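FYI, it's all coordinate maths here, none of it is from the lab. Since the structure is predicted, the reported quantities are computational estimates derived from the model, not experimental observations. Glycine gets a Cβ as well: all are built from the backbone with ideal geometry, and neighbour counts include every protein chain shown.
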Amino acid sequence: MPASGPTPGTPRIPRHVAVIMDGNGRWAERRHRPRAIGHRAGARAVNTCIDFCLAHGIGALTLFAFSSENWGRPEDEVGALMKLFLNALDREVEELHRRGVRVRFIGQRDRFGPALVERMRAAEELTGGNTQLALNIAASYGGHWDIAQAARSLAREVAAGRLDPEAIDEALLGERVCLADLPAPDLFIRTGGEQRISNFLLWQLAYSELWFTDALWPELDAATLQRALDDFASRERRYGLTGAQVAGRPEETPE
Ligand code: IPE
Ligand code: IPE
Ligand code: MG
């Protein structure tokens, strides 16, 4: 079975958690502060989330930091976010490395300035051999972009005569989307109260358990994450099968 394939039943601890960190702006607006202050407060919640994953043996964490669509926000907010990313990388990467975290970035990297691109490359190089936690930062990322880049990479092989178009199936495309080397997210968490995917990992979330909270991202604490894990552990993942099949029980036959 490929690493990303479905496994009936539910492991108690998710192998991979994917998070939409939403609500920074509203957190700041409620305090009559600029939205950038909310993003700064959100950076602290990132550490809470990483600490939680390390403490609970969650192997992979993917955080949605900046979407393809977020480039359309006011210039000063985008600028403040870029500064924050740069500072966070300078501040946190050594410590993440010390704690055995492998850092990776997914998204359209060439839209960032050269200083950020270089920090991203250096962080990936420094932490590439770590195994405690695979931390993936989705930045300038969109699920549509991801599927398009996977299709483009297969199209290149077809054009070069190395691949028969008829051989393209879900498994082959699934190998070219981001994070193909990790199990698909078992658990998706979105803070901030909205119940939507907002162009996050569209391919990879096909069978993830979805969990939403009204808590704004800067308010995130371990108790909220624990509630998500408890809820996850109570779910029955059926992957299209029947409950009896998943539990290994004989099917009940109607009288
Ligand atoms: C999420 O918080 C962070 C980013 C999208 C960069 P928001 O900035 O979307 O916060 P709200 O949703 O406006 O409160
Ligand atoms: C999703 O949040 C993107 C990130 C958290 C990075 P948005 O705030 O951009 O999503 P919408 O606009 O509410 O769908
Ligand atoms: Mg938002």
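Some observations on this one:
- Hydrodynamic radius (Kirkwood) for segment 123-180, which is based on Cα pairs only, to one decimal in Å: 13.4
- Per-residue packing, averaged as other Cβ atoms within 10 Å, sorts the ranges 102-111, 83-92 into the order 102-111, 83-92, beginning with the highest.
- Rounded if a/c under 1.5, otherwise prolate or oblate - segment 22-142, Cα gyration tensor axes: oblate
- Between ASP181 and ASP231, the FRET efficiency estimated from the beta carbon spacing at R0 = 22 angstrom works out to 0.20.
- Between the residues LEU202, ILE20, ALA184, the greatest Cα displacement towards the positive end of the dipole of the chain, with unit charges on the Cβ of Lys, Arg, Asp and Glu, is found for ILE20.
- Taking 0.36 nm per residue of separation and subtracting the Cα-Cα distance, full extension of the segment from TRP71 to GLU194 would add 42.3 nm.
- Length added when fully stretched, ASP51-LYS83, from 0.36 nm per residue minus Cα-Cα: 9.2 nm
- Summary value for segment 1-144: 28 percent relative contact order, contacts being C-alpha pairs under 8 angstrom separated by 6+ residues.
- In this rough spin-label picture, where each label sits 7 Å from Cα along the Cβ direction, the ALA206-ALA155 distance is 2.1 nm.
- Volume per residue of the convex hull around the Cα atoms, evaluated for segment 167-253, comes out as 157 Å³.
- Evaluated with a Cβ-only charge set (Lys, Arg +1; Asp, Glu -1), the chain carries a dipole of roughly 780 debye about its Cα centre, given to the nearest 20.
- Projected area, mean over directions - segment 95-160, Cα convex hull, nm²: 5.6
- Measure of compaction for segment 195-242 (Cα Rg per 2.2 N^0.38 Å): 1.34
- Using θ = phi - 60° in the Karplus curve 6.51 cos²θ - 1.76 cosθ + 1.60, the 3J(HN,Hα) couplings for segment 248-255 round to x, 8, x, 5, 6, 9, x, 4 Hz; x is entered for Gly and Pro.
- Each of the peptides 169-175, 210-216 was scored by the mean count of other Cβ atoms within 10 Å over its residues; in descending order, highest first, they stand as 210-216, 169-175.
- Estimated distance in nm for a label pair at ASP164 and ARG111, the labels positioned 7 Å out from Cα along Cα-to-Cβ: 3.8
- Note on the chain: with a GNM built from Cα contacts shorter than 10 Å, the maximum mean-square fluctuation among PRO185, PRO218, PRO34 falls on PRO34.
- Cα convex hull of the chain - mean projected area over all directions, nm²: 17.1
- Sum of -39500 (n - 2.57) over DSSP H runs of 4+, divided by residues of the chain (222 nm, nearest 500): -13000 deg cm²/dmol
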